[in-house]
Amino acid sequence: MKLRHNPASPYVRKVMVVAHELGLADRIELLSTAVSPVESNAALAAENPLMKIPALTTDDGQVLFDSPVICEYLDSVAGGGKVFPAGGKARWTALRQQALGDGILDALILCRYEIAARPEEKRHAAWTEGQMRKAHQGLAALEAEDLSGPRTIGPITAACTLGYLDFRFPNDGWRQRHPRLAAWYKGVETLPSIQATKPPAS
Ligand code: BEZ
């Protein structure tokens, strides 16, 4: 399997945490890929027309995206029902938690692009505030989730979301606002799958 990879992407991190949790990391070749909201990338577009990472090429040549699809595919390669519960309430809880974490990341990345990629005079402060509001409301909802059970895609996504906040928004102060989430994250930060996928020093 080949994975379009960038160590700064929290969605790529999610896929790699799942791969480590399932014992599949050694079977994935990492293809270092630059990403930009404005530049074209023909090689990436040939695999994923949306020009987004992660994109996974399976051993039989199929290209899969985005991260929820790739993570569920890896789960199936590992036998199924491991990080994606097979059914019932546990499955819907895990999928909801994944959607919540991914949604927070979507808002944070839009803020990141606005702040890091746009000249200051062209930035739209109200728009950034609106995205940050979504991220903060999402974090408040994450605080209310039970993340302490089995390590499904829900807690895995939550860990990658909090890791991205620390990486790109180190002054956010989420630990003060959400002590329960902070206490949970302290416990998962040391897991081998989380340690092995840490983003680069920014
Ligand atoms: C980042 O540098 O923050 C980033 C890189 C790739 C995807 C998303 C975010």
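The values are calculated or read from the model by the stated rules, or taken from the named source; none is laboratory data. Everything quoted here is computed from the prediction, not taken from an experiment. Cβ atoms come from the backbone with ideal geometry, glycine included; neighbour counts cover every protein chain shown. SASA here: full protein model, heavy atoms, side chains in, ligands and nucleic acids out. Shrake-Rupley method; radii C 1.70, N 1.55, O 1.52, S 1.80 Å.
Points to keep in mind about this one:
- If you go through the range 158-172 and pick out every residue that is outside any helix (DSSP H, G or I) and buried (at least 18 other Cβ atoms within 10 Å of the Cβ), you end up with 0.
- Matching residues in the range 145-172 - criterion: being closer than 26 Å to ALA116 by Cα, more than 16 Å from the ligand (Cβ to nearest atom) and touching a Ser or Thr at 6+ places or on another chain (Cβ under 8 Å): none
- Sole exception among (1) closer than 19 Å to LEU44 by Cβ; (2) crowded, with 18+ Cβ neighbours inside 10 Å; (3) within 16 Å of the ligand (Cβ to nearest atom) for ALA117, by number: (2)
- Residue among ARG175, ARG133 that is away from the ligand (no atom under 16 Å from the Cβ), of a type in the set (Lys, Arg) and surrounded by 15 or more Cβ atoms within 10 Å (Cβ to Cβ): ARG175
- Filtered residue count, the range 12-41, keeping only those that are out of contact with any Cys (no Cβ under 8 Å at 6 or more places or on another chain) and at pLDDT 95 or above: 17
- Residues that are in a helix (DSSP H, G or I), free of Cβ contacts under 8 Å to residues at least 40 places away in the same chain and open to solvent by less than 100 Å² (accessible area, probe 1.4 Å), drawn from the range 178-187: PRO179, ALA182, ALA183, TRP184, TYR185, GLY187
- Test: residue in the range 57-71 that is within 16 Å of the ligand (Cβ to nearest atom), at pLDDT 95 or above, in contact with a Phe, Trp or Tyr (Cβ under 9 Å, 6 or more places away or on another chain) and over 18 Å from HIS20 (Cβ atoms): yes
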